[in-house]
Structure formats: C-alpha cells, structure tokens
Ligand SMILES: [Zn+2]
Ligand SMILES: [Zn+2]
C-alpha cells in the first residue's frame, strides 16, 4: 500500500490552535461546534474534534466504539478525559447523568420505569400517565399507583 509522507505534528498543532486548557484540566474546544460537540476536519469531512484528539494523542479508537467524556464536558477534547465505550455503555452512562425528565419530573425510583422499546432509557411515569395509555397497560398502572 502506497502512502504519502505521514506527518504527525501538524495535526496536533492544528488542534492546539482551537484548544483552551482550563484550570479544571479540560481542553475546551474553541473551534467550530455542532450539537454541543467540537468539530474538526479530516480528509475533507467534519469529524468530532475529541475523536481526532484521541486518535492523535492516544491512538486509534477500537472499531465500533464511541468516546465517552469522563468529565461530562462534551466540548472537552482532552484525551485523558476520554474513554472508548460501546454505544450501549455510553447511553447508560449518559442516562445516569439525567436526573429529571424533559418535563422536569424527577427520576425517583417510584417515578421511573424502563421503556421496553428503549431499554437504555428511563421513562417518566407522570408523563406516561398523562399521555394516552397504551392498550393493556391500564390495569398495571392503577396497581402501581394504589
Ligand atoms: Zn474534560
Ligand atoms: Zn415527566
């Protein structure tokens, strides 16, 4: 396989221009952002800046894995704050950081149910009960509430 000269440093230098190292250790991305994530370019395409940073400083991301932000700061591209996980692991961890549903109800053990269609997501009973009950669920719900 023929390859052009592999230049490693310019990538790091290009990244560093957009990185602001913060007192808490996070490397805040100051370049282009999309949906709360830093964006960089690779081979003419937009790619997540934190993925580029990870591959640059720590090595290739194992096939099929996503990078989880251990610091929960999605704009952070510090490779030390990133850990390759499966999509399911990432979703579970992400869910664990959510303490309220989108309507502001707290996910207490009593108010939380597992959605059968999306096992990685917690459902809010208050919101579910407000919406039209699905067939066959009414009996179970009244039992839980009693
Ligand atoms: Zn960080
Ligand atoms: Zn709710």
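Only the coordinates and a few stated rules stand behind these numbers; no lab work does. From a predicted model like this one, the values you see are computed outputs, not experimental measurements. All Cβ positions, even for glycine, are placed from backbone atoms using ideal geometry, and neighbour counts span all protein chains on display.
Here the gap between residue 105 and residue 35, fully extended at 0.36 nm per residue and compared with their Cα-Cα distance, gives a gain of 22.8 nm. Label zone of residue 127 (point 7 Å out along Cα→Cβ, amide N under 15 Å): in the range 48-77 this covers no residue at all. For the range 32-52, backbone nitrogen atoms closer than 18 Å to the point 7 Å from residue 65 Cα along Cα-to-C-beta are found at 48-52.
Taking a ≥ b ≥ c as the square roots of the Cα gyration tensor eigenvalues, with a/c under 1.5 meaning rounded and otherwise prolate when a/b beats b/c, else oblate, which class fits the range 93-133? Cα axes put the range 93-133 in the oblate bin. The order of the peptides 47-54, 123-130 by mean Cβ neighbours within 10 Å, most packed first, is 47-54, 123-130. The modelled label-to-label distance for the pair residue 58/residue 86, using points 7 Å beyond Cα in the direction of Cβ, is 1.9 nm. Site pair residue 46 and residue 12 shows an inter-label distance of 2.8 nm when each label is modelled 7 Å from Cα along Cα→Cβ. Shape of the range 29-126 from its Cα gyration tensor (a ≥ b ≥ c, root eigenvalues): rounded if a/c is under 1.5, otherwise prolate when a/b > b/c, or oblate? Prolate, since a/c reaches 1.5 and a/b exceeds b/c.
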